[in-house]
Amino acid sequence: MSIAIRLTQTGGPNVLKVEPITEARPAQGEVWIEQEAIGVNYLDVTQRNGSVPIALPSGLGLEAAGRVAAIGPDVANVAVGDRVAYILGPIGSYASGRLYPAERLVRLPDVLSADDAAAILFKGVTAHYLLHSTYAVGPGTVVLLYGAAGALGQVMVPWAKSLGAFVVGVVSKEASVERAQALGCDAVLVWGACDLPAEVARLTDGQKAHVVYDGIGKLTFAASLDSLRPRGLMVSFGASSGSPEPVAVGTLNAKGSLFLTRPGLGAHATDLVEYRQRADAVFGAVNAGVIKPATWNVFSLSDAAAAHAALESGQSAGAILLKP
C-alpha cells in the first residue's frame, strides 16, 4: 500500500499519522516520484512541534531520493526511470510516492545510491553554504562547531578540515568525543564540562575563533559570543534549545565589533542555478572522498514517529532515513 505521513496538529511524535495515497497524474512541470529513501532532518522536528510554523493539515519532510515514474507536460530535464533526489519544498517527502516540481530534481551520479543521497544532500548543501558563503573558511580559520559528532557535524568537520581550518568541536556528552575526533576535530570540548570560552582561548593562544557555528540556540548563545575573537562571526543557524534572546547592538561592539547572522537553507538553495551548483559541489566532495554519507539508522516510513523520537532524544549518531 502506498502511504504518506501527515499531521493535523503540532505536538510530539505521536501527531504523525499514516494515511493511504494513490498515484496522481503529473501536471505541467511535475513528475511522480517513487521514493526509495527519505532523509529526516531536525527542521522536520521543529515543523512538527510547532517551533517553525507550517500550514495544517500538512505532510512533512523536505528531502528524498528515488526514481521518476511519470512526467507531466513540458518536463525536459528528467525522464521516466531517472534516479533523482531533491531538497526543500513543497513539503511532503515523508511518502512512498509523490508529485514534485521537475525543475528542482537533481540526477544522481551512478556511484551514489538513493540511501546515500537521502543521507547527504540536505546536510551537504547546508554545510556547503555555511562553509563557503556564510563564512569563507580557509587555511588557518579557527572554527568552533557545535554538534561536531552529529549528522551535520559529520559533514562539516571533514569539509572544514579539507579547506585548512582548525576545528574545535563541541559535543553534548563524553561518549561522542571519540567520534568527533575520528572525523578530524583538532580539539573536542564537552558542553557543560568546562568553561567553553576559556578553553577556546587556551587552544588558540588567546586568539579565540574566527567563526562559531551554533545550531543549539538559547542554551549556548552567550558562550558562543564569548568564544569569538574581535570581528569574529557568530553564525546562529539553529535553535534546538530554543531561540536566543535578542542581542543589543552595543553588545556586539563591546565584545569586539562582532558580526552576527541567522542564515537559513532556503535563502541559499531556492534559486535553481545556485541550488544545482551546491548539489554538484556536494556530489563532487563525496566523489573526492572529502565527505562520506553515513546513516545511523533506517526506520520504516510508517515508523516516522519513532525516527523523530530517536532524533529528539539525542540517541542518533548520524543521519536517519525512512524507507517506504
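Which distance in nm do the two modelled labels at Val273 and Lys218 give, with both placed 7 Å along the Cα-to-Cβ direction?
Label-label distance for Val273 and Lys218, simple model: 4.2 nm.
Taking the Cα centre of segment 68-203 as origin and charging only Cβ (+1 Lys, Arg; -1 Asp, Glu), how large is the dipole, in debye to the nearest 20?
100 debye
Give me P(r) over segment 1-124, computed from all C-alpha to C-alpha distances, binned every 10 Å, as integer percentages.
14, 44, 33, 8, 0
Give the residues of segment 226-244 whose amide nitrogen is closer than 15 Å to a point set 7 Å from the Cα of Ser257 in the direction of its Cβ.
Zone members listed by number: 229-233.
I need the Debye-formula profile for segment 200-312: one equal scatterer per C-alpha, no solvent, reported as log10 I(q)/I(0) at q = 0.15, 0.16, 0.18, 0.20 1/Å, two decimals.
With one equal scatterer per Cα and no solvent, log10 I(q)/I(0) is -0.95, -1.02, -1.10, -1.12.
Please give the per residue accessible area of segment 103-202, computed with a probe of 1.4 Å over protein heavy atoms only, in Å². Before the final figure, lay out each step's value.
Details: 3670 Å² over 100 residues.
For segment 103-202, the per-residue accessible area is 37 Å².
How large, in percent, is the carbon and sulfur part of the accessible surface of segment 65-126 at a probe radius of 1.4 Å?
Summing carbon and sulfur atoms, their accessible area is 55 percent of the total for segment 65-126.
What lysines sit close enough to Lys17 to cross-link, taking a C-alpha to C-alpha distance under 18 Å and skipping anything fewer than 8 places away on the same chain?
Partners found: Lys323.
Within segment 51-84, what residues put their amide N at less than 15 Å from the label point 7 Å along the Cα-to-Cβ vector of Glu19?
Counting only backbone N, you get 55-61.
Dipole of the chain (Lys/Arg Cβ +1, Asp/Glu Cβ -1, origin at the Cα centre): which of Ala117, Ser51, Gln277 lies farthest to the positive side?
Positive-end residue among those listed: Ser51.
If I build a Gaussian network model for the chain, linking alpha-carbon pairs within less than 10 angstrom, which residue out of Ser300, Ser133, Ser96 has the largest mean-square fluctuation?
Result for the chain, Cα springs under 10 Å: Ser133 fluctuates most.
With +1 assigned to the C-beta of every Lys and Arg and -1 to the C-beta of every Asp and Glu, and no other charges, what is the dipole magnitude of segment 12-107 about the Cα centre in debye, to the nearest 20?
For segment 12-107, the charge dipole is close to 120 debye.
Pop a pseudo-label 7 angstrom from the Cα along the beta-carbon direction at both Ser133 and Ala317 and give the gap in nm to one decimal.
Each label point is offset 7 Å from its Cα along the Cβ direction, giving 3.3 nm.
Nearest 20 debye, what's the magnitude of the dipole of the chain about its Cα centre given +1 on Lys and Arg Cβ and -1 on Asp and Glu Cβ? Don't skip to the end; give the middle numbers.
Numbers: 24 positive and 27 negative charges, 76 e Å.
Here the size comes out at about 360 debye.
Output the Kirkwood hydrodynamic radius of the chain, Cα pairs only, in Å rounded to one decimal.
Mean inverse Cα-Cα distance, inverted, gives 20.3 Å.
For the Cα atoms of the chain, what angle does the longest principal axis make with the long axis of helix 272-287, in degrees from 0 to 90, nearest 10?
Orientation of helix 272-287: about 80 degrees from the principal axis.
On the protein heavy atoms, probe 1.4 angstrom, tell me the percent of accessible surface of segment 204-252 carried by carbon and sulfur.
Heavy-atom surface of segment 204-252 belonging to carbon and sulfur, 1.4 Å probe: 55 percent.
As I understand it, the value is the acute angle between the Cα axis of helix 304-313 and the longest principal axis of the Cα atoms of the chain; what does it come to in degrees, rounded to 10?
The answer is roughly 0 degrees.
The values are calculated or read from the model by the stated rules, or taken from the named source; none is laboratory data. What you see is a predicted model; the values in this text were computed from it and never measured. Using ideal geometry, Cβ is built from the backbone for each residue, glycine included, and neighbour counts are taken over all protein chains shown. We work out accessible area using only protein heavy atoms, side chains counted, and drop any ligands, DNA or RNA first. Shrake-Rupley method; radii C 1.70, N 1.55, O 1.52, S 1.80 Å.
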